[in-house]
Amino acid sequence: MKQLTRAKITGVGAYVPPDTLTNADLEKLVATTDEWILERTGIRERHIAAKGVASSDLATEAAKVVLNSRGLSPSDLDAIIVATVTPDMFFPSTACLVQNKLGAPNVWGFDLSAACSAFVYALQTGAQYIATGAHKRVMVIGADVMSSIIDYTDRATCIIFGDGAGAVLLEPSEDELGLIDFMHVVDGSGGESLFMPGGGSLNPTSHETVDRKMHFVHQDGQAVFKFAVRHMAEVCEKLLERNGFTGKDVDVFIPHQANLRIIKATGDRLGVKPENVIINIDRYGNTTAGTIPLAMNTALEEKKLKKGDLVLLASVGAGYTVGATLLRWAY
Ligand code: COA
């Protein structure tokens, strides 16, 4: 039988729009305080895209950083997968728009929808094309302009989300470094705990859907919190166990940045050393599909990632969707 090829991450790039929205700014919009937001979420500020800047713009910038870091050109890419819950529009896909903005002549691509788990799902999807030998270079991007679907009069949601993108390049690995294993779970029974009900085929856009604020994120924060704390850790535990590891073996834990309390509870339950947990939620908030590659970039900036490190990625999001990926850092 043909041996499958392991995929490895060979480059990471990040891009956030320059404008920020601080907790002090939010105090002027809704009944909240800097202390409350910081204590309950760990967030100090988020980056917000200017009017007319869309997910494809952030995604393209992040992808350019990756290509530059590897000394490659857009013509070297075989495929582009964009993880997003805020595509520029229903169609064409954001991947098509990124292809055009990058000027990548030899690629195909598509968008992947799994909310906050979309990046890890896209990473594994891209890895399958490397595994089969179909492709040599797949750009996987997580990009969201959450500010486009947030109601800035709803204090339950507007404090959490921000805009940003991160990208990684997947290439074939010649050794044991790279992606080892993954575990993904969906539980659709949690659909109405975190969703945007308007604009799709169920509730097509109308004056009524706009008046009823159906084009914004709706969230039952406590339900999401409880699900996240339990299930992100559970999936990570199972993934570590079936590969003969425990949390103590994890050199770098890169969790989805949804809430500092969720991150800390998950790290503690897994037994990951606190200094091995990557946290940047204070600066970016929850950028949905962007959080994990943005945090990967933070880990590189802080020199916390080195060749051979055992890395655990973990996410939880609307759906519900849960995902975990285990890899050995390759560079
Ligand atoms: N500022 C000030 N007070 C607020 C507030 C805000 N932004 N939002 C809620 N409150 C108030 C509530 O009204 C409530 O007041 P009461 O006790 O007088 O009724 C109190 O604070 C506690 O509210 P609660 O909803 O229990 O807060 P919480 O500790 O659960 O924190 C979230 C709310 C949204 C921050 C938290 O539930 C959370 O992060 N959930 C997960 C969300 C998430 O991660 N989503 C993305 C998943 S990928």
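The values are calculated or read from the model by the stated rules, or taken from the named source; none is laboratory data. Predicted model, so just to flag it, every value in this text is computed and none were measured. Note: ideal-geometry Cβ built from the backbone for every residue, glycine included; neighbour counts use all protein chains shown.
Mind checking which residues of the range 96-112 are in contact with a strand residue (DSSP E or B) (Cβ under 8 Å, 6 or more places away or on another chain), closer than 21 Å to Val53 by Cβ and outside any helix (DSSP H, G or I)?
Within the range 96-112, Ala104, Gly109, Asp111 qualify.
Only one of Ala127, Ala165 is of a type outside the set (Ser, Thr, Tyr), buried (at least 18 other Cβ atoms within 10 Å of the Cβ), in contact (Cβ under 8 Å) with a residue 60 or more places away in the chain and touching an Asp or Glu at 6+ places or on another chain (Cβ under 9 Å). Can you tell me which?
After applying the criteria, what remains is Ala165.
Is it the case, given these coordinates, that Leu123 is within 16 Å of Leu58 (Cβ to Cβ) and away from the ligand (no atom under 16 Å from the Cβ)? Outline the logic, then answer.
Working: within 16 Å of Leu58 (Cβ to Cβ): no; away from the ligand (no atom under 16 Å from the Cβ): yes.
Taking the combined requirement at face value, the residue does not satisfy it.
How many residues are more than 8 Å from the chain's Cα centre (by Cα) and either in the same structural domain as Ala54 (by TED's automatic domain parsing) or β-branched (Val, Ile, Thr) (or both) when one looks only at the range 287-303?
Within the range 287-303, residues that are more than 8 Å from the chain's Cα centre (by Cα) and either in the same structural domain as Ala54 (by TED's automatic domain parsing) or β-branched (Val, Ile, Thr) (or both) number 1.
Output the residue which, of all residues in the range 242-291 that are within 16 Å of the ligand (Cβ to nearest atom) and at positive phi, is surrounded by the most Cβ atoms within 10 Å (Cβ to Cβ).
Step one: list which residues in the range 242-291 are within 16 Å of the ligand (Cβ to nearest atom), which gives 254-267, 279-282, 284-291.
Still in the list and also at positive phi: 285, 288.
Details: Gly285: 31, Thr288: 35.
Restricting to residues being within 16 Å of the ligand (Cβ to nearest atom) and at positive phi, the top hit is Thr288.
Among the strands (runs of 3 or more DSSP E) contained in the range 1-95, which hold 1 or more residues that are within 16 Å of the ligand (Cβ to nearest atom) and free of Cβ contacts under 8 Å to residues at least 60 places away in the same chain? Please lay out each step first, then the result.
Numbers: elements: 7-15, 20-22, 45-47, 79-83.
The strands (runs of 3 or more DSSP E) meeting that bar are 20-22.
Of the numbered conditions (1) more than 14 Å from the ligand (Cβ to nearest atom); (2) at pLDDT 95 or above, Phe195 fails exactly one; give the number of that condition.
Evaluating Phe195 over (1) more than 14 Å from the ligand (Cβ to nearest atom); (2) at pLDDT 95 or above leaves (1) as the failure.
Can you spot a residue in the range 133-147 that is within 16 Å of the ligand (Cβ to nearest atom) and in a helix (DSSP H, G or I)?
yes
Criterion first (within 15 Å of the ligand (Cβ to nearest atom) and under 12 Å from Ile278 (Cβ atoms)) does Leu300 satisfy it? Steps first, answer last, please.
Values: within 15 Å of the ligand (Cβ to nearest atom): no; under 12 Å from Ile278 (Cβ atoms): yes.
Spelling it out, it is not the case that Leu300 is within 15 Å of the ligand (Cβ to nearest atom) and under 12 Å from Ile278 (Cβ atoms).
Against the condition of a type in the set (Ser, Thr, Tyr) and more than 26 Å from Leu123 (Cα to Cα), how does Ser201 come out, does it pass? Break it down into steps so the answer makes sense when it comes.
Numbers: of a type in the set (Ser, Thr, Tyr): yes; more than 26 Å from Leu123 (Cα to Cα): yes.
Yes; evaluated as a whole, the condition is true for this residue.
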